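Below is one structure, written out as structure tokens; the observations come after it.
The values are calculated or read from the model by the stated rules, or taken from the named source; none is laboratory data. Every value quoted in this text rests on a predicted model; they were computed, and no experiment measured them. Glycine gets a Cβ as well: all are built from the backbone with ideal geometry, and neighbour counts include every protein chain shown. To get the accessible areas, we keep the full protein, side chains included, count just its heavy atoms, and leave off ligands, DNA and RNA. Shrake-Rupley method; radii C 1.70, N 1.55, O 1.52, S 1.80 Å.
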Amino acid sequence: MRKSILLIVLLNLFYISNAQCWQSVSAGIYTTLGIKTDGTLWACGVNWNGQLGDGTTTDKNYFVQVGTDTNWKMVSAGESHTLAIKTDGTLWAWGYNFYGELGNGTNTDSTVPIQIGTANDWKTISATYWSNLALKNNGTLWAWGFNSNYGQLGDGTLIDKNVPTQIGAATDWAKISAGPTHSIAIKNNGTLWAWGYNFYGQFGNGNNINSYVPIQIGTANNWSSALAGEYHTLALKEGGTIFSTGLNSDGRLGDGSTNIKYLLTQIGNESNWKSIGIGKYNSLAIKNNGTLWTCGYNLLGMIGDGTTIDKPVFTQISTDTNWQFADIGEYHTIGLKTDGSLSRWGYNFYGELGVGNNSISLIPISTACLTMGTVKNETNKSFTIYPNPANSVLNIISNENEIENCTVVDLMGKVILHQKNNSTQINVQNLESGIYFVSVTINGITNFQKFIKE
């Protein structure tokens, strides 16, 4: 009996320690990479070329930790390789390297992270299919990888590079976005720049002429964010207005049509957009009120509205108002909420949703943010649950004010049930037998308690 109790306790500690809050995430083509608040790096999905970084080439439909380091700061998932920066400013890469995308001067794949050079002043990164962009702290722009078809590295050539190569001499680059065929960047003065392939008008400068070096797009100097998809661009101005340009056959521009645009065109009249995200066939945006909106291709449920119908206008996903960040891979979407919880939906053939199976999901699947510190709040209970163990119904009594939210999660942090507005009773009859956590939000503060489903 003692051994059984000990096993349950150890499993409890293991799963909770592995279900910490997420700090940042990145969607690759068929992968998802993320950094938790403890600085550990995690990955799931396809792994043919070692792009998960776990030392194998075996696909994972659940998150596996990449090494044991706890000082990861930023990660960017490409098509079959991954880039990351540590808190000490060093740059690392792993996965496919045929075009030199690992930046180490070779064309040899690696299934574990390897450092790129010895510099420790890297600031931000952006990985795409087979190429990368990066900025240093001094505002210089660097690129490497595939370049022979489109000139998306911006060095004026069509030659692949297997080491980071400085682009021009400017030291005022602020933000970057590497797309599969073109690149987008913003300077400190708020001006917008593009280079690479422009056949579909993805530069947004009114023509379809390619450029192998960065060129300024228009004269506006109030751009706050801009992202490159495969053949389209999404951009946000400081006043909260959103713009798009390029290919639009599936409605990815969000303007209600399927017509190509050669000029950056404002989408709607709203000026309450806070941030944007982009994929190969889709666009997404978050409003100031924390709601999430997506548009474009939806055959595999990557919009997240419960259907497989393309959306040519931005469509709200769920009713949640605490979205903080979202990103789109080839056919799946991931999102972070302000509470550090992770949501994902869409295609899952390679396990890129990280939920332990390979089933497509047409709506967001959420993993709650649980840490040992949070669970310890059990000792300061602001609510009571009974019976425990429970068979059919779990009752909740608040010792304070009205209950705002109530959520049941499993040991992996996956949200099983969710109720709002003074929930005093939860039907747990259909849950499998085992240990769960119920989280209750009262006065904006969330506390957790364990319960057993018989």
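Of note:
- Once the gyration tensor of the Cα atoms in the stretch 264-359 is diagonalised, the equivalent ellipsoid follows with semi-axes of 22, 16, 10 Å, ordered largest first.
- Note on the chain: along the principal axes its Cα atoms extend 69, 47, 36 Å, ordered by decreasing extent.
- Pairs beyond 27 Å (Cα-Cα), from Lys287/Lys450; Lys36/Lys187; Lys123/Lys237: Lys287/Lys450; Lys36/Lys187
- For the chain, accessible area per residue (1.4 Å probe, heavy atoms of protein chains only), Å²: 40 Å²
- Geometric descriptor of the stretch 89-235, per residue, is 94 Å³ (volume of the convex hull of the Cα atoms).
- Residue order for Trp345, Trp92 - accessible surface, 1.4 angstrom probe, largest first: Trp92, Trp345
- Ranked from largest to smallest solvent-accessible area, with a 1.4 Å probe on the protein heavy atoms, Cys295, Cys21 come out as Cys21, Cys295.
- Here the accessible area is traced with a 1.4 Å probe on the protein chains. For the chain, carbon and sulfur cover 52 percent of it.
- Under 20 Å from Lys453, Cα to Cα: aspartates and glutamates that are on another chain or at least 8 residues apart: Glu378, Asp410, Glu432
- Taking all protein chains as shown and a probe of 1.4 angstrom, Phe325 keeps an accessible surface of around 80 Å².
- Inter-part distance where the stretch 296-322 and the stretch 53-115 are each reduced to a Cα centre, Å: 31 Å
- Area of Val213 that stays accessible when all protein chains are in place (1.4 Å probe, Å², to 10): 70 Å²
- The listed residues Trp22, Trp48, Trp142 rank as Trp48, Trp142, Trp22 when sorted by accessible area, largest first, using a 1.4 Å probe.
- Excluding same-chain neighbours fewer than eight residues apart, the aspartates and glutamates reachable from Lys274 by a Cα-Cα span under 13 Å are Glu238.
- Set of aspartates and glutamates with alpha-carbon distance to Lys161 below 18 Å, sequence-local pairs under 8 removed: Glu79, Glu101, Asp109
- Calculated on the Cα set of the stretch 191-233, radius of gyration then Dmax: 9.8, 26 Å.
- In the context of the full protein assembly, Tyr62 retains an accessible surface of approximately 110 Å², using a probe radius of 1.4 Å and ignoring ligands and nucleic acids.
- Normalising the average separation of contacting C-alpha pairs (under 8 angstrom, six or more residues apart) by the number of residues puts the relative contact order of the stretch 271-327 at 33 percent.
- Rounded to the nearest Hz, the phi-derived 3J(HN,Hα) couplings of the stretch 357-363 under the Karplus curve 6.51 cos²θ - 1.76 cosθ + 1.60 (θ = phi - 60°) are 9, 10, 8, 5, 10, 8, 9, where x marks glycine and proline.
- Left without a cysteine partner by the 4.7 Å Cβ rule in the chain: Cys44, Cys295, Cys406.
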